[in-house]
1. Would you point out the residue of the range B:80-93, among those that are hydrophobic (A, V, I, L, M, F, W, C) and outside any helix (DSSP H, G or I), that is surrounded by the most Cβ atoms within 10 Å (Cβ to Cβ)?
2. Name the strands (runs of 3 or more DSSP E) wholly inside the range A:13-54 in which the number of residues that are out of contact with any Ser or Thr (no Cβ under 7 Å at 6 or more places or on another chain) and either modelled with pLDDT under 95 or of a type in the set (Val, Ile, Thr) (or both) is 1 or more.
3. From (1) part of a loop (DSSP other than H, G, I, E, B); (2) among the acidic types (Asp, Glu); (3) within 13 Å of the chain's Cα centre (by Cα), pick out the condition that doesn't hold for A:Asp96.
4. I'd like to check something: does the range B:115-122 contain any residue that is more than 30 Å from B:Glu10 (Cβ to Cβ), part of a helix (DSSP H, G or I) and either of a type outside the set (Asp, Glu) or at pLDDT 90 or above (or both)?
5. Which of the numbered conditions does A:Ser59 fail, given that it passes all the others? Conditions: (1) closer than 30 Å to A:Leu118 by Cα; (2) surrounded by 21 or more Cβ atoms within 10 Å (Cβ to Cβ); (3) within 11 Å of chain B (Cβ to nearest Cβ); (4) not aliphatic (A, V, I, L, M).
6. Within the group A:Arg151, A:Arg139, which residue is of a type outside the set (Phe, Trp, Tyr), surrounded by 19 or more Cβ atoms within 10 Å (Cβ to Cβ) and either more than 8 Å from chain B (Cβ to nearest Cβ) or outside any helix (DSSP H, G or I) (or both)?
7. Would you mind finding the one in A:Leu155, A:Leu144, A:Leu185 that is within 17 Å of A:Phe72 (Cβ to Cβ) and aliphatic (A, V, I, L, M)?
8. Yes or no: B:Pro119 more than 14 Å from chain A (Cβ to nearest Cβ), farther than 26 Å from B:Lys66 by Cβ and not aliphatic (A, V, I, L, M)?
There are 2 protein chains.
Amino acid sequence: MYTKLRAHIEQIVPLTDDEFALIQSHFHYRKVRKHQYLIQEGDSVVYSYFVLSGLLKLSSVDANDKEHILHFAMDDWWVSDYQAYFTRSRATMSLDCLEDAEVLYISLDDDNKLFAALPKLEHFFWKKSQSSYIASQQRILSLLSTSAKERYEQLLKQYPSLVQRVNKTLIASYLGVSRETLSRLSS
Amino acid sequence: MYTKLRAHIEQIVPLTDDEFALIQSHFHYRKVRKHQYLIQEGDSVVYSYFVLSGLLKLSSVDANDKEHILHFAMDDWWVSDYQAYFTRSRATMSLDCLEDAEVLYISLDDDNKLFAALPKLEHFFWKKSQSSYIASQQRILSLLSTSAKERYEQLLKQYPSLVQRVNKTLIASYLGVSRETLSRLSS
């Protein structure tokens, strides 16, 4: 299971066996079942997760109990309520499993120890953080500028399998449209 | 003018005078007037900008010639079309001045040289990139979950001076609402 993490990091930063052994010793493995939560709103957020398999969603519930989906997370994604994680504060988001999943996870303290011992890992996480930021900007632009129909088509193109794996209520919540609008678009 | 950059970096990473001299030698200074562009859609994006003073906007124009504002940028902000910058591709966004501005700027090649010479700078940029990503996630959530009225009130609270400095058409474009809706909210 750690092979996947190594291959993922080595896409950006080459590692020796000793370096990867050091990295591996700071991570833990967990299996989670469909419907289980890794983070619940109000929890302390101690861990950042690397998804090995399965499907998760990061979401937030507003004052009217309506759920809004920040993003889905599948193989090779890093996911957490990062605001809470980095500031050691309480979660304002929830992270739960839409399918059985396997994750590796690391605490912020272990993260920091690992960076001190292996500074080149910061380069890796900086690159990942850049990509996440750029993807977020594209999503903002898409929410500002595209119609529900265009957003649905973008999603189909970007994550063709997602539409099969996730029910329409959740897809609607990710796109920021009503369930009825989505039914019209996808019928 | 470089004092500001040093103070800004030292909020996260302490520097010796020699280290800062090295950083400074990789940056350039430029004064830009209101209405001038630092990046125009279709340009090669060579530089990342650190704003010393003034006010800029990063925006994108859709197929119907409607402008959408990713964000405004003022003192101490880093701004560029980062997708184009990091992939050395053509700009899909524009960066222009809403007020006379002063910026420092650095090319990706100089960025990379600087990181090789001073790896702790990657820690600084990783932290900045984290903050930008977290802020983007908040903006996505706000676009998904809040009414135009709530978004306007959030903006007033977060950047009270902005509403005085920027005309209402641009504020409406940032909030993703029509000019008419904004007039109703702000009257």
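1. For the range B:80-93, the residue satisfying everything is B:Met93.
2. Passing ranges, in order: A:28-32, A:47-53.
3. All conditions are met except number (1).
4. no
5. (1)
6. Of the residues listed, the single one that is of a type outside the set (Phe, Trp, Tyr), surrounded by 19 or more Cβ atoms within 10 Å (Cβ to Cβ) and either more than 8 Å from chain B (Cβ to nearest Cβ) or outside any helix (DSSP H, G or I) (or both) is A:Arg151.
7. One residue alone meets the criteria, A:Leu155.
8. Considered against the rule, which asks whether it is more than 14 Å from chain A (Cβ to nearest Cβ), farther than 26 Å from B:Lys66 by Cβ and not aliphatic (A, V, I, L, M), B:Pro119 comes out as no.
The values are calculated or read from the model by the stated rules, or taken from the named source; none is laboratory data. What you see is a predicted model; the values in this text were computed from it and never measured. Neighbour counts run over all protein chains shown; Cβ positions are idealised from the backbone, glycine included.
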